């Protein structure tokens, strides 16, 4: 699976451009199925999850071509509603094809999705919502068989503001008859980006970033060109990396409004942050302060996708910090690996108590999931000696070139 070698002890300094958003582009790629035309997606990150989604799209008949950072997808020749099981199991985000393929073909067969092992992540909200739009759904031998001769708009109340369920409803409702309302909708910036993409191809959607999203069904869609929003989690990861090394960085192609919860905690740790329209400057203190409490929550709360990276940063802060994970049950798989490096972390259910230590020590650790892997790299940046992070494939699911990016800022990291 490859591994990263990090020679710790170097301060991160310099300027770096942030890639397009992983969690924004994946539902957009699924949405390209709907227009039966060409979609041009600018600033599309070259990450493993994107490559997996491309393989899925090609398997159902799409024609895909890269032109530098722009991905061109022609869905006019889509001829299949069966999503290959082996590809679905590689990536949880593949479940968003449920809504788009159903909207295009009025039928879809897909297996339960894979991805990082973060504990139970049921898709009952997705299935319940699609049934409200008129779909009949059967579950047989690990497959979901979804059919809808006609999709009809409905008023849908989500029990939880699920990002995936919100996206699937939007995708299925675009070509449905009548109007669909999603109440208690997810508010993540990626939802707004999906709305903008769909509206660009002729959909009629409003309300993204609020509690209620309204989709007025249309009969057809057309060609679209769209630029993906910057990746807020990659932005946060590199800010945490700079902070743990006592660094000073300027990140460009960012949206500061999307990471207010992250920036608030970085400031609490003693970092100086200056926000501009599409840039963020961070200067870290010589010694990071502890953070009383970080509690992961749906947006605009602190993102669960930044929990591991902040924990790594706090392993060398002064005093004790507390992190409570409320979104996923099994998102502390990086803790044992950080402890191997000398961190002082105690788990009590979903709460982690991190007592800052004087230093970490480089050793061989294993990335068990995407964000946990990024946390181990962050820890390796300040560890004494060399840190070897196995399981590079997990990290490359979401980071386009984390080794090259960090080297630009002065780190010493290589991949084999």
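Report whether or not residue 221 is more than 30 Å from residue 173 (Cβ to Cβ) and at pLDDT 95 or above.
No.
Return the residues of segment 348-361 that are assigned to a loop (DSSP other than H, G, I, E, B) and in contact with a helix residue (DSSP H, G or I) (Cβ under 7 Å, 6 or more places away or on another chain); say none if nothing qualifies.
Correct list: 356, 360.
In segment 395-414, what residues are in contact with a strand residue (DSSP E or B) (Cβ under 7 Å, 6 or more places away or on another chain) and within 18 Å of residue 371 (Cβ to Cβ)?
The answer is 403, 405, 406, 413.
Going through 352, 320, 308 one at a time, which residue ends up being more than 30 Å from residue 165 (Cα to Cα) and modelled with pLDDT of 95 or more?
None of the other options fit; the residue is 320.
Tally up the residues in segment 168-200 that are in contact with a helix residue (DSSP H, G or I) (Cβ under 8 Å, 6 or more places away or on another chain) and more than 20 Å from residue 123 (Cα to Cα), please.
Qualifying residue count for the region: 8.
Taking the stated definitions as given, is residue 345 closer than 13 Å to residue 308 by Cα, assigned by TED's automatic domain parsing to the domain that holds residue 251 and in a strand (DSSP E or B)?
For residue 345, the condition - closer than 13 Å to residue 308 by Cα, assigned by TED's automatic domain parsing to the domain that holds residue 251 and in a strand (DSSP E or B) - is met.
Checking residue 223 against (1) touching a strand residue (DSSP E or B) at 6+ places or on another chain (Cβ under 6 Å); (2) under 30 Å from residue 411 (Cβ atoms), only one condition comes out false. Which one?
All conditions are met except number (2).
Is it the case that residue 43 is at positive phi and under 22 Å from the mean Cα position of the chain (by Cα)?
yes
When you check residue 269 against the structure, is it outside the structural domain of residue 129 (by TED's automatic domain parsing) and under 20 Å from the mean Cα position of the chain (by Cα), yes or no?
It is false that residue 269 is outside the structural domain of residue 129 (by TED's automatic domain parsing) and under 20 Å from the mean Cα position of the chain (by Cα).
If I ask for residues that are surrounded by 22 or more Cβ atoms within 10 Å (Cβ to Cβ) and in a helix (DSSP H, G or I), which ones from segment 306-338 would you list?
Across segment 306-338, the qualifying residues are 306, 307, 308, 309, 310, 311, 312, 313, 314, 337, 338.
Of the residues that sit in segment 209-225 and are surrounded by 22 or more Cβ atoms within 10 Å (Cβ to Cβ) and in contact with a helix residue (DSSP H, G or I) (Cβ under 6 Å, 6 or more places away or on another chain), which one is nearest to residue 254 (Cα to Cα)?
In this case the residue turns out to be 224.
For residues in segment 178-195 being in a loop (DSSP other than H, G, I, E, B) and in contact with a strand residue (DSSP E or B) (Cβ under 7 Å, 6 or more places away or on another chain), which is surrounded by the most Cβ atoms within 10 Å (Cβ to Cβ)?
Per the stated criteria, the residue is 185.
Check 158, 175, 198, 171 and return the single one that is in contact with a strand residue (DSSP E or B) (Cβ under 8 Å, 6 or more places away or on another chain) and closer than 16 Å to residue 130 by Cβ.
Answer to the selection: 158.
Return the total of residues in segment 371-401 being more than 22 Å from residue 316 (Cα to Cα) and part of a helix (DSSP H, G or I).
4
Which of (1) buried (at least 19 other Cβ atoms within 10 Å of the Cβ); (2) without any contact (Cβ under 8 Å) to a residue 60 or more places away in the chain is the odd one out, the single condition residue 152 does not satisfy?
The failed condition is (1).
How many residues are modelled with pLDDT under 90 and touching a strand residue (DSSP E or B) at 6+ places or on another chain (Cβ under 7 Å) when one looks only at segment 122-143?
Of the residues in that region, 2 qualify.
The values are calculated or read from the model by the stated rules, or taken from the named source; none is laboratory data. Values in this document were obtained by computation on a predicted structure and should not be read as measured data. Positions of Cβ are backbone-derived with ideal geometry, glycine not excepted, and every protein chain shown enters the neighbour counts.
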